[in-house]
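Undergrad: Structure below; questions to follow.
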Amino acid sequence: MRLFPLVDGSTDRYDRMLFGIPFDMPLATLVGFTSGFRIYYNAGAGRVDYDTIIASMNATTITWTSDALTYAAPWRFGVRAFNVYGEEQNTDAVLLQLDSLGRNLANRPNAPTNLTAEAAAAGTLTLKWRYPSTGQAAAPATFRIYTNGGSGAVDYSSVHDSLAYTAGINRAFSWTSGALTHGATHIFSVRAEAASGILETNTLTVSATADDTAPSQPATLTASAIR
């Protein structure tokens, strides 16, 4: 690419040819002109290796497709712009972590917060929690509820129940169980699941003891006339 002064002899603007189309631009922006983009990655482990270029594209190409990637490995990719003066040095990276179905596990919802459990009527328990949507990689579609069934550890391989998500900033949610074994301590956990089926995997738990004891009858009953 050759640069030519304008006919009037000014030194702050230049004409140039780009793919056969002449145009002019201020000299101040010429330094920022992008010749193309270079792709870097971490080869499936660790940080992005910016010493090894895996692909290079011209300035008009803004998408790139990798070869087949193995699932479970955390693939990180970075892109840097370059021109005749060198390459900018940003270290931004995107994470791509595939499961066996080809879904990006990095696109998980956030984990629920402020999980509590309290005994309710007739041997039931009520769970309450909040969902912080700020900064989420994906919105949840459903909350999955897990329990230990009254003994042992929470069984995350079996969903006890589900509750649909409704959008909102730090929205509160609650769920009430059916009647549980009286006197048993039940442990619960709640996870958020995206519409894609990707589930976040927090292990926050709460516990409460079910109580189906009927209340005591009133000790004294009186009545009086009201005029």
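The values are calculated or read from the model by the stated rules, or taken from the named source; none is laboratory data. Since we're looking at a predicted model, the values are computed, not measured. Glycine gets a Cβ as well: all are built from the backbone with ideal geometry, and neighbour counts include every protein chain shown.
Undergrad: For HIS160, indicate whether it is touching a strand residue (DSSP E or B) at 6+ places or on another chain (Cβ under 7 Å), modelled with pLDDT of 95 or more and not charged (D, E, K, R).
TA: Answer is yes for this residue.
Undergrad: Answer with yes or no whether ALA223 is more than 30 Å from ARG103 (Cα to Cα) and surrounded by fewer than 12 Cβ atoms within 10 Å (Cβ to Cβ).
TA: Here the answer is yes, as ALA223 does meet what is asked.
Undergrad: I would also like to ask the following. Of all the residues that make up segment 140-192, how many are in contact with a Pro (Cβ under 7 Å, 6 or more places away or on another chain) and exposed (fewer than 15 other Cβ atoms within 10 Å of the Cβ)?
TA: The number of residues fulfilling the criteria is 1.
Undergrad: Right, next: Need the failing condition index for ARG108 against (1) of a type in the set (Lys, Arg); (2) in contact with a Phe, Trp or Tyr (Cβ under 9 Å, 6 or more places away or on another chain); (3) within 21 Å of GLY46 (Cα to Cα), just the number.
TA: Condition not satisfied by ARG108: (2).
Undergrad: Could you look through segment 45-55, keep only residues that are surrounded by 13 or more Cβ atoms within 10 Å (Cβ to Cβ) and in contact (Cβ under 8 Å) with a residue 24 or more places away in the chain, and pick out the one that is nearest to the chain's Cα centre (by Cα)?
TA: VAL48
Undergrad: Run down ARG108, ARG38, ARG80, ARG76 and say which single residue is touching a residue at least 60 places away in the same chain (Cβ under 8 Å), among the charged types (D, E, K, R) and not assigned by TED's automatic domain parsing to the domain that holds ARG171.
TA: Exactly one residue qualifies, and that residue is ARG108.
Undergrad: How many residues are part of a loop (DSSP other than H, G, I, E, B), of a type outside the set (A, V, I, L, M, F, W, C), under 21 Å from the mean Cα position of the chain (by Cα) and surrounded by 11 or more Cβ atoms within 10 Å (Cβ to Cβ) if we restrict to segment 56-115?
TA: 8
Undergrad: For residues that are hydrophobic (A, V, I, L, M, F, W, C) and closer than 17 Å to LEU98 by Cα, scanning just segment 49-80, find the one that is modelled with the lowest pLDDT.
TA: Across segment 49-80, the extreme among qualifying residues is ALA72.
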